[in-house]
Amino acid sequence: MPIKYKIDVIAALKAAGYSTYRIRKEKIISQSTLQKFRNGEIVNADNMALICKLLKCQPGDIIEYVETDDM
């Protein structure tokens with residue numbers, strides 16, 4: 001997939017005070033979405049917006065386009 005994460009989203013959330021325990025307990029992000037971050041899968045726009053809000057950043061700070069020969 002030509003869209004890749006520039007950062008480790010889970011680690012960035014932890015650094016911002018959002019441990020996976022807190023995320024699950026407060027139901028901030030679903031378990032399936034957390035798993036997508038762990039697997040490097042791109043999430044939907046609503047989840048990306050939530051991550052941007054929590055990390056106080058822009059989508060371009062999180063993801064990037066990497067050109068491949070597949071397209």
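Net charge within 13 Å of GLN58 by Cβ-Cβ distance, Lys/Arg positive one each and Asp/Glu negative one each, not counting GLN58 itself?
My count for the surroundings of GLN58 gives +1.
How far apart, in nm, are the 7 Å Cα→Cβ label points at CYS52 and ASN39?
That separation, rounded to one decimal, is 2.5 nm.
How large is ³J(HN,Hα) for each residue in the range 2-17, as worked out from phi by the Karplus curve 6.51 cos²θ - 1.76 cosθ + 1.60 (θ = phi - 60°), to whole Hz, x for Gly and Pro?
My calculation for the range 2-17 gives x, 9, 10, 7, 7, 10, 7, 4, 4, 5, 5, 5, 4, 5, 8, x Hz in order.
Longer than 19 Å from Cα to Cα, which of LYS4/LYS27; LYS14/LYS36; LYS6/LYS36 are they? Say none if no pair is.
LYS4/LYS27
What number comes out for the charge environment of LYS14, summing +1 per Lys or Arg and -1 per Asp or Glu over other residues with Cβ under 12 Å away?
After counting each charged neighbour, the total is 0.
Between (i) 23, 13, 10; (ii) 43, 15, 13; (iii) 20, 12, 12, which entry matches semi-axes √(5λ) of the Cα gyration tensor in Å as derived from the coordinates of this structure?
(i)
Over the chain, what is the mean sequence separation of C-alpha contacts under 8 Å (at least six apart), divided by residue count, expressed as relative contact order in percent?
Result for the chain is 53 percent.
Using θ = phi - 60° and the Karplus form 6.51 cos²θ - 1.76 cosθ + 1.60, what ³J(HN,Hα) does each residue of the range 34-48 get, whole Hz, x for Gly and Pro?
Listing the rounded values in order: 4, 5, 4, 4, 4, 8, x, 7, 6, 9, 6, 4, 5, 5, 5 Hz.
A short reminder: the numbers here are calculations on the coordinates, not readings from a lab. No experiment lies behind these values; they were computed from the predicted model shown. Reconstructed Cβ throughout: ideal geometry from the backbone, glycine too, with neighbour counts over all protein chains shown.
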